[in-house]
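**Q** Let me give you the structure first, and then I'll get to my questions.
The values are calculated or read from the model by the stated rules, or taken from the named source; none is laboratory data. The shown structure was predicted, so the numbers you read here are calculated from the model rather than taken from an experiment. Virtual Cβ from ideal backbone geometry, glycine too; neighbours counted across all protein chains shown.
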Amino acid sequence: MKVSEIMDDAILVQQPAPTPDELILLFHGVGAQPADLVPLGHALARHKPLACVVSVRSPEPSNLGRGWQWFSVVGVTEDNRPGRVAEAMPGFVEAVRHWQRESGVGASGTTLIGFSQGAIMALESTQHAGGLAGTVVSIAGRFAVPPRTAPVGTRIHLMHGDADGVMPLRLAREAADGLSRLQAEVTLDVFPGLGHGVDARVLAAIDQRLALPHN
């Protein structure tokens, strides 16, 4: 799959004129599609009128029979997940850089918001490609392996339901603890009763976190 084809299938939720002052990129989960995160994009756009908001499509048809994926989850294990993520990472990084070029917004003004597999890719990009974005929001995500370095100039916000049966909450807690030990800028918001999904509380928390200045 060519990178250009991925970009063509992205959904441009909001494009302020003449020049945006922020770039918000949304990355869906495995077996999903860009349209699934458009409601989240519209919600963010209402509070960010000068932000370019894009829902990005992952590159490969999903092995689950519908939607798209960055990497296959068929037969995925703790041992082989890091390799699958690393193989997909160049395409992820190029997708981010493509939209930075298109929007004219640099890394410091870029926010990556990922759900599930999209969150894995966004989190791991802080370890594989330093300085890619100023902010990363992980919704129901995890690191492929524990974080190794504190991303310079990037703050990370973890959002997770305590009833998530797909990505258990402990994975987000482990990510937060690991980043804190590395002295990274990180927050963790936990939502009681929320499973593997997004609700109004998550939207409100994202709005609040994105409104805060960097330390």
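**Q** Evaluate the following for E22: is it under 19 Å from A211 (Cβ atoms) and within 18 Å of the chain's Cα centre (by Cα)?
**A** Answer is yes for this residue.
**Q** So, one more: Given the structure, is G91 touching a Ser or Thr at 6+ places or on another chain (Cβ under 9 Å), surrounded by fewer than 20 Cβ atoms within 10 Å (Cβ to Cβ) and either polar (S, T, N, Q) or closer than 14 Å to G118 by Cα (or both)?
**A** Spelling it out, G91 is indeed touching a Ser or Thr at 6+ places or on another chain (Cβ under 9 Å), surrounded by fewer than 20 Cβ atoms within 10 Å (Cβ to Cβ) and either polar (S, T, N, Q) or closer than 14 Å to G118 by Cα (or both).
**Q** Let me ask something else about it. Consider segment 40-57. How many of its residues are modelled with pLDDT under 95 and within 12 Å of I11 (Cα to Cα)?
**A** 0
**Q** Let me ask you something else. Mind counting the residues in segment 128-143 that are surrounded by fewer than 20 Cβ atoms within 10 Å (Cβ to Cβ) and either in contact with a Pro (Cβ under 7 Å, 6 or more places away or on another chain) or on the phi > 0 side of the Ramachandran plot (or both)?
**A** So the answer is 2.
Matching residues to (1) in contact with a helix residue (DSSP H, G or I) (Cβ under 8 Å, 6 or more places away or on another chain); (2) touching a residue at least 24 places away in the same chain (Cβ under 8 Å); (3) more than 20 Å from V137 (Cα to Cα):
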site	(1), (2), (3)
D21	yes, yes, no
V56	yes, yes, no
R66	no, yes, yes
W70	yes, yes, no
T77	no, no, yes
F92	yes, yes, no
G109	no, yes, no
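**Q** Turning to a different aspect of this structure: Identify, by number, the condition in (1) loosely packed, with under 14 Cβ neighbours inside 10 Å; (2) under 21 Å from I24 (Cβ atoms); (3) touching a residue at least 12 places away in the same chain (Cβ under 8 Å) that A204 doesn't meet.
**A** (3)
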